[in-house]
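What follows is a single structure, written as C-alpha cells, with notes after it.
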Amino acid sequence: YRYPFKIRSLQNMNSSKLKPLLSIGNKLIGFVLFIICAFAIYNKVLQNENLNQYGADLKIQLTHIHWAAWVLMGCLMTLNYTVEAIKWKSVIAETNQFNIFQALRAVLVGQAFSFFTPARSGDYVGRTLFLAPGTKLKGITQMAWASYAQLLMTICFGSIALFWNLPFLPWLKWVAPIGAGLALFLFFYKKSFKGWLSKLNLLQIGAGLKWKLIALAFSRYLVYLMQYNWAAQMLSIPVSWLDLSIAIMALLFFLSMIPAISLTDLVIRGQLFLLLMAPFYHNDLMLIALTTLIWIVNFLIPSILGAILLLGFRLKR
C-alpha cells in the first residue's frame, strides 16, 4: 500500500523540477531570438549604405512633429490602458469591487512587473497584489479569461492578415484560421465538471461576461491599430493604412507566440516588422523608429508609471 504514495511523491518531485526548466527554456528561447534579430537588424539597418541619409531624414521628421501629435499619442496610450482596466474591473467584479482608477492602478503595476518576465507573466503577480485576501487564486483565473479574450482578437485578426498577405511561410495562411476557429470554440465552450473536479465550475464565467470581454478586447485591438497608424503619420511613412494595418495584425500575431520579455521584445518586434513591411517600404531606420516609438508608449512609459504607483502602494502598506 505504500507504492501509490511513493509514485505520487515522485510525480511531485518531477513537477517541481520541471517548472524551473520550463521557465529557463522560455527565457532561453526569447534570448536566442533576441540575438538572431539583433544581428539581422545590424546587418540590414546599421550596415545599410543609405544609413546616413535615413538618419538625417529621421532627425528632420522628429523635429517637425507638432506637440499636438504627441498629445494625441498620449491620449491613445491612456485609452489603451483604460480599456484594459475596464476589462480587468469587469472580470473580477464578482469578488472585488474596484473603481476605474483602482483598476487602472492595478493594470499599470502589473505592466511594471511584466516588463522583465517572459510572455509578460509578471502581469498576474502585479495585479493580484490589489485583490482581497482569499480571492487571489480566483482573480488569477479571472484574469486568464480576460487575457484569453485579448489573445483571441490577436489570433483572429492575425489569421486574416496572414491569409491576406504573408511574404514568408505561406503555409501559415491555412493553419492560422483553423487555430483561430479552435480558439473561439474553446473560449465559448462551457463544460460542467463533476466529482472531485466540480470545484473548477467556480472558475467558469457567464456567456454575457465573455461577450463583454470580447467587445472590450476588440476595442483595445482597434486602439493598437490606431496607435501604429498615427505613429506612421507622425513619421510621414508613405504606406496606406490598409497595408500598414495588415502588417501590424500579422506582427501582433507573431509576437503573441514568442515568449520574450519586453526588453528583448523591442528588437524582435523591429525585425519582424521589417520583414512584414518589406513589400511596401524600404526605409528600415524609419520602420525601426516606428516600432520603438510604439514600444516606448505602450510598454516603457506605463511600466515606469506602474513602478511609481507600486512604490506608493508599498509605502502605504
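Laid out as a table, the results:
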read-out	value
The listed residue being among the aromatic types (Phe, Trp, Tyr), open to solvent by 50 Å² or more (accessible area, probe 1.4 Å), at pLDDT below 90 and not in a helix (DSSP H, G or I), out of Phe163, Phe193, Phe185	Phe193
Any hit, the stretch 104-111, residues being within 26 Å of Thr291 (Cα to Cα), among the polar types (S, T, N, Q), in contact (Cβ under 8 Å) with a residue 60 or more places away in the chain and open to solvent by less than 70 Å² (accessible area, probe 1.4 Å)	yes
Residue tally, condition assigned to a loop (DSSP other than H, G, I, E, B) and either in contact with a strand residue (DSSP E or B) (Cβ under 8 Å, 6 or more places away or on another chain) or open to solvent by 30 Å² or more (accessible area, probe 1.4 Å) (or both), over the stretch 280-295	3
Residue in the stretch 268-279 that is modelled with pLDDT of 85 or more, polar (S, T, N, Q) and either open to solvent by less than 30 Å² (accessible area, probe 1.4 Å) or over 17 Å from Leu162 (Cβ atoms) (or both) present	no
Residues that are at pLDDT 90 or above and among the β-branched types (Val, Ile, Thr), drawn from the stretch 220-238	Val223
Identity of the residue in the stretch 38-97, acidic (Asp, Glu) and surrounded by 13 or more Cβ atoms within 10 Å (Cβ to Cβ), that ends up modelled with the highest pLDDT	Glu84
Residue within the stretch 206-219 that is basic (Lys, Arg), assigned to a helix (DSSP H, G or I) and at pLDDT 90 or above present	yes
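The values are calculated or read from the model by the stated rules, or taken from the named source; none is laboratory data. Every value quoted in this text rests on a predicted model; they were computed, and no experiment measured them. Glycine gets a Cβ as well: all are built from the backbone with ideal geometry, and neighbour counts include every protein chain shown. Just so you know, the surface numbers come from the protein's heavy atoms only, side chains and all, with ligands and any DNA or RNA stripped out. Shrake-Rupley method; radii C 1.70, N 1.55, O 1.52, S 1.80 Å.
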